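Student: Following this message is one structure expressed as structure tokens.
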Amino acid sequence: MRTQVAIIGAGPSGLLLGQLLHQAGIANLVIELRSRAYVLERIRAGVLEEGTMRLLREAGAGQRMDLEGIADEGIVLAFDGERRRIDLPTYAEGQRVLVYGQTELTRDLMQVRDAAGLPTYYEVPDVAIHDATTDHPWLSFTLNGASVRLDCDYIAGCDGFRGISRQSIPPTARREYEKVYPFGWLGLLADTPPVSREIVYAAHERGFALCSMRSLARSRYYLEVPLNETVDNWPDQRFWDELRRRLPEPYASELVTGPALEKSIASLRSFVVEPMQYGRLFLVGDAAHIVPPTGAKGLNLAASDVHYLRSILAKVYHQGRHDLLASYSALALDRIWKAERFSWWMTSMLHRLASDNPFDARIQRAEFDYFTTTEEGRRAIARNYVGLPLRAID
Ligand code: APR
Ligand code: PHB
């Protein structure tokens, strides 16, 4: 088999990249370890920056997002019961974010890929990368029990944090930066009206809480919990009681509860690998970096990598600009590190278990006051929240 760009992984990174490359006239093939149903069962965040929305529309996958997504013009930050709203358009040049679940977005991307008749292979084990530092890279994998060779010009490693792409770069050719936080998020999904139409980030002495939504009839809530917690310790009633205690008024009294559709605990991690290129292999999205979910940047960073890689590949194929290939990593990382900083900062400011030093607790409070009450503080939060600019490639 042969294609121009071989894409490993059918998450948002791989599917969005595949679609945008196709529209630029570049053939690609997507190879995914799991089944389509498995990919669609993963529940993840869903806050889209305007840059991400633009890319999805460009990929032809923006219709349902534009119809069903919930525009969010403000975020509410709370600290021990005190509530401050940051108006995003006021402080971020008219920009806002859209709440639209990643599961739905993945479904839309799968549909446009199918409609365009582009090849995607699901349930493909044993993917391995070969000759990435030569002009003739190739993949091997097992398809319907037979071993297959796929020759290509470039490989996009879109296979998430636990994929094989990053691991296939020799340890001497990469450096990893990591911070693991000593707490997790217990998430609950319920068919109840969200307590607020705007996302609420609440720091509290009992621990952080987050109110989000998937629609006006489906809520998504999270509680900070110690890392050794298990879901079994959290029957629905305990979750709702704890959430109510951590939320400021009027949310605490207005909270509507109901049976959980899903409950799970996620650990929080900051991670970056440098560089994001090894010969003709390019890492994209979670394969190269992880952010804690506090700033809702994971999916948006994946989209920003896709923007840089497809812009570069389009110029390579159509204008012979091979020189640009070497700039991918630095361009992507510039934006990634800024989002890493913002996510780490939001996480550190709002979580109870970020430190057990009372001095640090006072600093968290001072930081909250400074950033939510000053013009420059609000601007910094709003501009980072809606997403820093995506640079054009020339
Ligand atoms: N071979 C093929 N596919 C693989 C392999 C492998 N060896 N290993 C993993 N995969 C697949 C996974 O099954 C998954 O479907 O790669 C895909 C990676 O998708 P994601 O983990 O969703 O990563 P990405 O597409 O970069 O999306 C980033 O997802 O994790 C969230 O917060 C993150 O929202 C962000 C977004
Ligand atoms: C979510 O809706 O799941 C969500 C929203 C905002 C975040 C994290 C997760 O910061």
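Student: Looking only at the stretch 253-276, decide whether some residue is closer than 30 Å to D135 by Cβ, over 17 Å from the mean Cα position of the chain (by Cα) and open to solvent by 50 Å² or more (accessible area, probe 1.4 Å).
Tutor: Checking the stretch 253-276: at least one residue is closer than 30 Å to D135 by Cβ, over 17 Å from the mean Cα position of the chain (by Cα) and open to solvent by 50 Å² or more (accessible area, probe 1.4 Å).
Student: Please determine whether any residue of the stretch 263-281 is within 30 Å of D159 (Cβ to Cβ) and assigned to a helix (DSSP H, G or I).
Tutor: no
Student: If L186 meets every condition in (1) more than 30 Å from W240 (Cα to Cα); (2) touching a helix residue (DSSP H, G or I) at 6+ places or on another chain (Cβ under 8 Å) apart from one, which number is that one?
Tutor: The number of the failed condition is (1).
Student: Let me ask something additional. Hey, among the residues in the stretch 28-67 that are at pLDDT below 95 and over 25 Å from D126 (Cα atoms), which one's nearest to ligand 2 (Cβ to nearest atom)?
Tutor: A45
Student: Are any of the residues in the stretch 288-301 over 15 Å from the mean Cα position of the chain (by Cα) and under 22 Å from A45 (Cβ atoms)?
Tutor: The answer is no, given that none of the residues of the stretch 288-301 is over 15 Å from the mean Cα position of the chain (by Cα) and under 22 Å from A45 (Cβ atoms).
Student: Here are E58, E49, E93, E41: which of them is away from ligand 1 (no atom under 15 Å from the Cβ) and either of a type in the set (A, V, I, L, M) or closer than 21 Å to G298 by Cα (or both)?
Tutor: Among E58, E49, E93, E41, only E58 is away from ligand 1 (no atom under 15 Å from the Cβ) and either of a type in the set (A, V, I, L, M) or closer than 21 Å to G298 by Cα (or both).
Student: Spot the failing condition for S327; the list is (1) within 15 Å of ligand 2 (Cβ to nearest atom); (2) surrounded by fewer than 21 Cβ atoms within 10 Å (Cβ to Cβ); (3) of a type outside the set (A, V, I, L, M, F, W, C); (4) under 22 Å from S165 (Cα atoms), and only one is missed.
Tutor: Evaluating S327 over (1) within 15 Å of ligand 2 (Cβ to nearest atom); (2) surrounded by fewer than 21 Cβ atoms within 10 Å (Cβ to Cβ); (3) of a type outside the set (A, V, I, L, M, F, W, C); (4) under 22 Å from S165 (Cα atoms) leaves (1) as the failure.
Student: Further question on the same structure: Which residue pairs have Cβ atoms closer than 6 Å, lie 6 or more positions apart in sequence or on different chains, and pair a first residue in the stretch 107-124 that is more than 12 Å from V30 (Cβ to Cβ) with a second residue that is of a type in the set (G, A, S) and assigned to a loop (DSSP other than H, G, I, E, B)?
Tutor: What qualifies is D108/A61; V112/G60; V112/A61; E123/S35.
Student: Quick one: which strands (runs of 3 or more DSSP E) lie wholly within the stretch 135-218 and hold at least 2 residues that are of a type outside the set (A, V, I, L, M, F, W, C) and either open to solvent by less than 10 Å² (accessible area, probe 1.4 Å) or touching a residue at least 40 places away in the same chain (Cβ under 8 Å) (or both)?
Tutor: 146-151, 154-157, 175-190, 209-215
Student: Pick from the stretch 341-360 the residues that are among the aliphatic types (A, V, I, L, M) and modelled with pLDDT under 95: which of them is surrounded by the most Cβ atoms within 10 Å (Cβ to Cβ)?
Tutor: A354
Student: For a quick check of your reading of the model, give me the residue pairs whose first member lies in the stretch 369-384 and is at negative phi, whose second is among the aromatic types (F, W, Y), with beta-carbon atoms closer than 6 Å and at least 6 apart or on different chains.
Tutor: Final answer for the pair search is G377/Y370; G377/F371; R378/Y91; R379/Y91; I381/F371; A382/Y91; N384/F342.
Student: So the check is Cβ under 6 Å with 6+ separation or different chains; which pairs have a first residue in the stretch 347-364 that's under 16 Å from S267 (Cα atoms) and a second one that's in a helix (DSSP H, G or I) and at pLDDT 95 or above?
Tutor: These pairs meet every condition: T347/T294; A354/S348.
Student: Next question, about the same structure. With respect to I31, is the statement that it is farther than 30 Å from L247 by Cα and among the aliphatic types (A, V, I, L, M) true?
Tutor: yes
Student: How many residues does the stretch 370-394 hold that are open to solvent by 50 Å² or more (accessible area, probe 1.4 Å) and farther than 25 Å from G51 by Cα?
Tutor: Selection size over the stretch 370-394: 2.
Student: Same structure, new question: Between L353, L331, L309, L299, which is closer than 21 Å to Y385 by Cα and touching a Phe, Trp or Tyr at 6+ places or on another chain (Cβ under 6 Å)?
Tutor: Step by step, each of L353, L331, L309, L299 is checked, and only L331 is closer than 21 Å to Y385 by Cα and touching a Phe, Trp or Tyr at 6+ places or on another chain (Cβ under 6 Å).
Student: Could you list, in sequence order, the residues of the stretch 122-149 that are among the aromatic types (F, W, Y) and over 26 Å from the mean Cα position of the chain (by Cα)?
Tutor: Once the filter is applied, which keeps residues that are among the aromatic types (F, W, Y) and over 26 Å from the mean Cα position of the chain (by Cα), the stretch 122-149 yields W138, F141.
The values are calculated or read from the model by the stated rules, or taken from the named source; none is laboratory data. Model, not experiment: these values are computed from the prediction. Cβ atoms come from the backbone with ideal geometry, glycine included; neighbour counts cover every protein chain shown. Note: accessible area is taken over every heavy atom of the protein model, side chains too, but ligands, DNA and RNA are not part of it. Shrake-Rupley method; radii C 1.70, N 1.55, O 1.52, S 1.80 Å.
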